[in-house]
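*Asks:* Pasting a structure below so you can have a look.
The values are calculated or read from the model by the stated rules, or taken from the named source; none is laboratory data. Small disclaimer: the values here were computed from a predicted structure and weren't measured. Every residue, glycine among them, receives a Cβ derived from its backbone with ideal geometry; neighbour counts consider all protein chains shown.
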Amino acid sequence: MAKIVVAEDDELTRYLLKLSLEETNHEVKAVTNGREAMQLIIMEKPDVIVLDLMMPGIDGGAVISYVRDMPELANTPIIVVTGTAQPETISGTEQADRILKKPVPIDTLLTEIRRFLDD
């Protein structure tokens, strides 16, 4: 079982991600924006971060940069799940471990998470 932080501003998407990951025995904490994500990541020190890019306030790219700048969290796998047409144009995304385009089948996300946990 992994500890996963999900940051997603869309309520339905956040709910479905959390539910699907919990059904596979992961401990999941979900938040709605980048500021909450930063606070939760510091508190929880997750095994994996699942992150939307376009969120109110602090965007996902800034969260990625923030995590990468923290020595104790810098190697935490970050999987971006986004509907953004060109996510690579957002500052910080070059530091993500994976970028998946919405809609992402849950099996695809679970496969990516397992890859990081098995490494």
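*Asks:* Just to be sure I understand, how many residues within the range 65-119 are part of a loop (DSSP other than H, G, I, E, B) and in contact with a Lys or Arg (Cβ under 6 Å, 6 or more places away or on another chain)?
*Replies:* 2
*Asks:* Only residues in the range 37-55 that are on the phi < 0 side of the Ramachandran plot and in contact (Cβ under 8 Å) with a residue 40 or more places away in the chain count as the first member; pair them with residues that are of a type in the set (Ser, Thr, Tyr) and part of a helix (DSSP H, G or I), Cβ under 7 angstrom, at least 6 apart or cross-chain, and list the lot.
*Replies:* Leu53/Thr93
*Asks:* Can you pull out the residues in the range 70-85 that are buried (at least 16 other Cβ atoms within 10 Å of the Cβ) and either modelled with pLDDT of 90 or more or within 12 Å of the chain's Cα centre (by Cα) (or both)?
*Replies:* Leu73, Thr76, Pro77, Ile78, Ile79, Val80, Val81, Thr82
*Asks:* Can you give me the number of residues within the range 86-100 that are over 10 Å from Ile64 (Cβ atoms), more than 13 Å from the chain's Cα centre (by Cα) and among the charged types (D, E, K, R)?
*Replies:* 1
*Asks:* A further question follows. Tell me, yes or no, whether the range 86-98 has at least one residue that is buried (at least 16 other Cβ atoms within 10 Å of the Cβ), among the polar types (S, T, N, Q) and farther than 22 Å from Leu19 by Cα.
*Replies:* Within the range 86-98, one or more residues are buried (at least 16 other Cβ atoms within 10 Å of the Cβ), among the polar types (S, T, N, Q) and farther than 22 Å from Leu19 by Cα.
*Asks:* Considering Val63, Val50, Val67, which residue is of a type outside the set (Gly, Ala, Ser), in contact with a Gly (Cβ under 8 Å, 6 or more places away or on another chain), under 20 Å from Phe116 (Cα atoms) and at pLDDT 95 or above?
*Replies:* Going through Val63, Val50, Val67 in turn, the sole match is Val63.
*Asks:* While we're looking at this one, here's another question. Inside the range 1-15, can you point out the residues that are touching a residue at least 60 places away in the same chain (Cβ under 8 Å) and not small (Gly, Ala, Ser)?
*Replies:* Scanning the range 1-15 gives Ile4, Glu8, Thr13.
*Asks:* All but one of (1) β-branched (Val, Ile, Thr); (2) in contact (Cβ under 8 Å) with a residue 60 or more places away in the chain; (3) within 11 Å of Val5 (Cβ to Cβ) hold for Val31; state the number of the condition that does not hold.
*Replies:* (2)
*Asks:* If I filter the range 3-17 for residues that are buried (at least 16 other Cβ atoms within 10 Å of the Cβ), in contact with a His (Cβ under 7 Å, 6 or more places away or on another chain) and not in a strand (DSSP E or B), do I get at least one hit?
*Replies:* Taking every residue of the range 3-17 in turn, none turns out to be buried (at least 16 other Cβ atoms within 10 Å of the Cβ), in contact with a His (Cβ under 7 Å, 6 or more places away or on another chain) and not in a strand (DSSP E or B).
*Asks:* Specify the residue that is farthest from Pro46 (Cα to Cα); the eligible residues are those in the range 99-119 that are surrounded by 13 or more Cβ atoms within 10 Å (Cβ to Cβ) and in contact (Cβ under 8 Å) with a residue 40 or more places away in the chain.
*Replies:* Here the answer is Ile106.
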